[in-house]
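Below is one structure, written out as structure tokens; comments come after it.
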Amino acid sequence: MAGMGNGRPSIFPTLLYADAKAAIRQLTEALGFTELSVYEGEDGAVLHAELAQGNGAVMVGSKGRGGVFDSAMKNAGPAGVYIVVDDVDAHHRRAVDHGVEIVMPPTDQDYGSRDYMARDLEGNIWSFGTYAPQIPA
């Protein structure tokens, strides 16, 4: 399978925001992502950003820039993304301390995971938990 074995993730959720700069601040400050890169247009709009969490990453951009992806996403609903974290409770406390809307507090699941859900500034649902699916080599 392409993209496997070189240490790079092969799936990148891609989210567009009306205020991508505010989204990047919330994702980094409140939800623990690391900013890898941010490219802005002359008007200050975020053309493309990459944020890492663990060994995965998301791509973020500004809505309304035009182009095929922006047009395709125009009437799309919010996205849901699951991120594996080591300490769910500490991660949850950080999110709460930054005023993030919590949809579900840390909860032990029947399948062995502990996770919580949060909603970002534009309605996307972020789940953070200990469940890490195994991907066959």
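Worth pointing out:
- Share antiparallel - DSSP beta bridges, region 1-99, percent rounded to 5: 75 percent
- Using the 1.4 Å probe convention, the accessible area of the chain works out to 60 Å² per residue with neighbouring protein chains retained.
- GNM flexibility winner over the chain from GLY64, GLY32, GLY56 (Cα, springs under 10 Å): GLY64
- Carbon + sulfur, % of accessible area of the chain - ligands and nucleic acids excluded, 1.4 Å: 52 percent
- Over region 29-137: Kirkwood hydrodynamic radius from C-alpha pairwise inverse distances, Å: 15.5 Å
- Net +/- balance of residues flanking ILE102 in space, Cβ distance below 13 Å, scoring K and R +1, D and E -1: -2
- Taking every protein chain into account, the 1.4 Å probe leaves ASP87 with about 80 Å² of accessible area, to the nearest ten.
- Residues TYR116, TYR111, sorted by accessible area with the largest first, give TYR111, TYR116 [1.4 Å probe; ligands and nucleic acids excluded].
- Qualifying GluC sites (Glu not before Pro) in region 2-98, DSSP loop, other Cβ atoms within 10 Å at most 16: GLU42
- Against the chain, whose longest principal axis is taken from its Cα atoms, helix 88-97 shows a tilt of about 50°.
- Helical content of the chain, expressed as a calculated mean residue ellipticity at 222 nm, amounts to -4000 deg cm²/dmol (DSSP H runs of 4 or more residues, -39,500 (n - 2.57) each, divided by residue number, nearest 500).
The values are calculated or read from the model by the stated rules, or taken from the named source; none is laboratory data. Computed from a predicted structure; not experimentally measured. FYI the Cβ positions are ideal-geometry reconstructions off the backbone, even for glycines, and counts take in every protein chain you see. Protein only, heavy atoms only, side chains kept; ligands, DNA and RNA dropped before computing areas. Shrake-Rupley method; radii C 1.70, N 1.55, O 1.52, S 1.80 Å.
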